[in-house]
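So the structure is just underneath, and the comments pick up after that.
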Amino acid sequence: MLKKICTVLATACAVTACITSPTGRSQLILLPDSQVDQMGLQAFETLKRDKPISNNARLNQVANCIAGNITQTIGGGNWEVVVFEDDSFNAFALPGNKIGVYSGLFKLVENQDQLAAVIGHEIGHVLAKHSAERASQELAVNQGMSILQAMTNPQSTMGKAAFGMLGLGAEYGVLMPYGRTQESESDIIGVDLMAKAGFDPRQSINLWQRMSQATQGQQTAEFMSTHPSHATRIRDLEQHMPQAMGLFQQAQATGRRPQCQ
């Protein structure tokens, strides 16, 4: 079965447009951006309907400030940021310029830079078109699946699968994590984004150390279970840190010094 799937994907890549991710990785993308954006918009509206939204002005101000500084480095645009009342150490970004931050994350981070590391990582998934990549792989194997139609009923089997492609499957009872390659790619993209915005990229390592301590001896939170191990993530970030620090120093030199505390 795996051989068949790989053959289908290879054939599709040969006859359709394969694109290159921000880190130089070849990707199979069968869906237009407009359709993937519509998936993200529909998913976000469903979450806002189903999950309680925080009215805490301070949390919303901090989340919007950090996201705003990061998105300015990629051309700005109108990004909607919502803080959800949920104790999980979680956040997400969706195609269509949507960002969700869970209130529990604020209890974990020590400063704006650590929260920027999470938000930057999630925006990295969007910039690298990971949702489109996952959906395209599914389409290549199961031709004819109506993704948008399935998303109208997130409790259905197909609806859960569709939300899973966006990295939101756990919200509706199915865990469909991004692949390790995609997660590691978003780590690198995210730490560069936060550095370009003037957030200290060294705090990304401190963040994952805190995550490790917070989840030690407990069932790993959904956000962590879909990511590389703490040790692997920290090692990769340390190796990439010289480049990220160069971007950070350039940002500081041009006056990028966010004050989102």
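The values are calculated or read from the model by the stated rules, or taken from the named source; none is laboratory data. Please read all numbers here as calculations on a predicted model, not as lab measurements. Note that each Cβ is placed from the backbone with ideal geometry, even for glycine, and that neighbours are counted across all protein chains shown. What goes into the accessible areas is simple: the full protein's heavy atoms, side chains included, and nothing from ligands, DNA or RNA. Shrake-Rupley method; radii C 1.70, N 1.55, O 1.52, S 1.80 Å.
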Could you tell me how many of the residues in segment 227-243 are modelled with pLDDT of 80 or more and either exposed (fewer than 13 other Cβ atoms within 10 Å of the Cβ) or more than 17 Å from the chain's Cα centre (by Cα) (or both)?
11
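Listed here are the residues, each with its yes/no results for (1) buried (at least 24 other Cβ atoms within 10 Å of the Cβ); (2) in a strand (DSSP E or B); (3) modelled with pLDDT of 95 or more; (4) under 15 Å from the mean Cα position of the chain (by Cα).
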site	(1), (2), (3), (4)
Asn55	no, no, yes, no
Val62	no, no, yes, no
Gly75	no, no, no, no
Val81	no, yes, yes, yes
Leu115	yes, no, yes, yes
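Condition check: open to solvent by less than 40 Å² (accessible area, probe 1.4 Å), within 15 Å of the chain's Cα centre (by Cα) and touching a residue at least 60 places away in the same chain (Cβ under 8 Å). Does Ile99 satisfy that? First the steps, then the outcome.
Details: open to solvent by less than 40 Å² (accessible area, probe 1.4 Å): yes; within 15 Å of the chain's Cα centre (by Cα): yes; touching a residue at least 60 places away in the same chain (Cβ under 8 Å): no.
Answer is no for this residue.
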